[in-house]
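*Asks:* This is the structure I want to talk about, given as structure tokens.
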Amino acid sequence: MKHILSSLQFKKEDLEKILKRASVMEGQCKSGKIKKLLEDKIIACIFFEPSTRTRLSFEAAALKLGAKVISAENAMESSSAFKGENIGDTTRILCSYADVVVIRHPQAGVVEAVAKISTKPMINAGDGANQHPSQALLDLYTIKKEHGRLSNLQIAFGGDLLNSRTMRSLVPLLAFYLKNKFYFVSPKELAISREFRNYLTKNKISFEETSNLEKILSKVDVLYMTRVQKERFASSRTYEKVKDLFILKNAHLKFLKKNAIIMHALPKVNEIEADVDLDSRATYFRQAQNGLYVRMALFLYVFGL
Ligand code: NCD
């Protein structure tokens, strides 16, 4: 049984396999000739945290492949969690109805914990500030598609790097490829955690930290902006203090390379000025669309098809 819990679980061969399959899925979607390989499957999606793209693209991916979908959005209120049911019991029940369970939860480590008692594959669709492996895969697919390569890239992450599960999930995948260098650009309050810094050093991953966005713009091939994760702050006062410290402005674009790409997992709030959307280097809407193809490929990978 294959759970998808963390991007750290993948070997390079797995990545290549999923990316190749995602490209086949994209081709099938675009030609309208999709092989309904999941006709006999039921996919359960249970989301204890808000989501637009992740849940809906998992569901669309399942439907495209002919599966049926059962879904609990807003599960803190709409599932029996509201009545005090523990997540373990909820998981046991979902496993008796569905062939795979896609789950998002605010608490880091929860999906990994319930996977231990699960009788069906679990897919982590984001657990707190910890991991978001399907996002990392679609980000990788996007970089490959836009740049034609996954190595020899200068990649900057900007914004809330303390709480970003998307950054934390993508870096280990890009680190498989040679000559990639990372820049972590954030206000001091939102810098990468000590634990993540130790992980980078221990794995000899080349990186620099700075709070000066202007300084690195002309160097990078990928600028990956992140949202300040309001829901992870203990008080709204602390959030208010940092929320607008870091904004990619239209005026910055002139410093970026012609073929650089601007990524964002979305939703974006204030961290990217609206005009930036009009620049052809703004990749985030294409990136979100790639989520559909990658999640189709991920279901097939999980089922060993
Ligand atoms: C991200 C997430 O949930 O971690 N969004 C997503 O999955 N598309 C990023 C975010 O919410 O800021």
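The values are calculated or read from the model by the stated rules, or taken from the named source; none is laboratory data. In this text, all values refer to a predicted model and were calculated from it rather than measured experimentally. Here Cβ is always computed from backbone atoms with ideal geometry, including for glycine, and neighbour counts include all displayed protein chains. Only protein heavy atoms, including side chains, enter the accessible area calculation; ligands, DNA and RNA are left aside. Shrake-Rupley method; radii C 1.70, N 1.55, O 1.52, S 1.80 Å.
*Asks:* GNM on the chain, C-alpha springs below 10 Å: top fluctuator among Val114, Val101, Val294?
*Replies:* Val114
*Asks:* Here is a further query. Note the full-extension length gain between Asp40 and Asn74 as 0.36 nm times their separation in residues minus their Cα-Cα distance, in nm to one decimal.
*Replies:* Details: separation 34, 0.36 × 34 = 12.24 nm, distance 2.68 nm.
Stretched fully, the Asp40-Asn74 segment lengthens by 9.6 nm.
*Asks:* Also, I was wondering about something else. Express as a percent, rounded to the nearest 5, the fraction of DSSP beta bridges in the chain (both residues included) that run antiparallel.
*Replies:* Percentage antiparallel, nearest 5: 5.
*Asks:* What do you get for the angle between helix 12-31 and the principal long axis of the chain? Use alpha-carbon atoms, 0 to 90 degrees, nearest ten.
*Replies:* Around 80 degrees separate the two axes.
*Asks:* Please give the charge dipole size of region 233-302, origin at the Cα centre, charges +1 on K and R Cβ atoms and -1 on D and E Cβ atoms. Round to the nearest 20 debye.
*Replies:* Values: 11 positive and 7 negative charges, 43 e Å.
For region 233-302, the charge dipole is close to 200 debye.
*Asks:* Alpha carbons only, please: Rg and Dmax for region 134-288, in angstrom.
*Replies:* Gyration radius and largest Cα-Cα distance of region 134-288: 14.5, 43 Å.
*Asks:* If you fit an axis through the alpha-carbon atoms of helix 53-64 and take the longest principal axis of the Cα set of the chain, what angle between them do you get, 0 to 90°, nearest 10?
*Replies:* It is inclined by approximately 50 degrees.
*Asks:* Same structure again: Which pairs break 26 Å Cα to Cα here: Lys11/Lys258; Lys204/Lys258; Lys144/Lys241; Lys219/Lys268; Lys11/Lys219; Lys144/Lys257? Kindly include the intermediate steps, with their values, before the conclusion.
*Replies:* Values: Lys11/Lys258 32 Å; Lys204/Lys258 30 Å; Lys144/Lys241 36 Å; Lys219/Lys268 23 Å; Lys11/Lys219 29 Å; Lys144/Lys257 17 Å.
Pairs exceeding the cut-off: Lys11/Lys258; Lys204/Lys258; Lys144/Lys241; Lys11/Lys219.
*Asks:* Which whole-number percent is the relative contact order of region 168-223 (Cα, under 8 Å, 6+ apart)? Working shown, then result.
*Replies:* Values: 36 pairs, mean separation 22.0, N = 56.
This gives 39 percent for region 168-223.
*Asks:* Measuring with a 1.4 Å probe in the full set of protein chains, what accessible area per residue, in whole Å², belongs to the chain?
*Replies:* Details: 13900 Å² over 305 residues.
So the chain comes to 46 Å² accessible per residue, rounded to a whole number.
*Asks:* Most mobile of Glu26, Glu271, Glu214 per a Gaussian network model of the chain (Cα springs, under 10 Å)?
*Replies:* With Cα springs under 10 Å in the chain, the top fluctuation among Glu26, Glu271, Glu214 is at Glu214.
*Asks:* With contacts defined as alpha carbon pairs under 8 Å and 6 or more residues apart, what's the relative contact order of the chain in percent?
*Replies:* Working: 560 pairs, mean separation 62.4, N = 305.
Answer for the chain is 20 percent.
*Asks:* Using a 1.4 Å probe and counting only protein heavy atoms, arrange Phe207, Phe246 so the residue with the most accessible area comes first.
*Replies:* Phe207, Phe246
*Asks:* How much of Leu278 can a 1.4 Å solvent probe reach, expressed as accessible area in Å² and rounded to 10?
*Replies:* 150
*Asks:* I want to verify the translational diffusion coefficient of region 59-190 in µm²/s; compute it with Stokes-Einstein, Rh as the Kirkwood radius over Cα pairs, at 25 °C and 0.890 mPa s. Let's see the in-between values first.
*Replies:* Numbers: Rh = 16.9 Å.
Here the translational diffusion coefficient equals 145 µm²/s.
*Asks:* With +1 on each Lys and Arg Cβ and -1 on each Asp and Glu Cβ, how big is the dipole of the chain about its Cα centre, in debye rounded to the nearest 20?
*Replies:* Values: 48 positive and 32 negative charges, 189 e Å.
With Lys and Arg at +1 and Asp and Glu at -1, about 920 debye.
*Asks:* I've got another one for you. In Å³ and rounded to a whole number, note down the convex hull volume per residue for the Cα atoms of region 216-304. Numbers along the way, then the final one.
*Replies:* Details: hull volume 11.5 nm³, N = 89.
Convex hull volume per residue, Cα atoms: 130 Å³.
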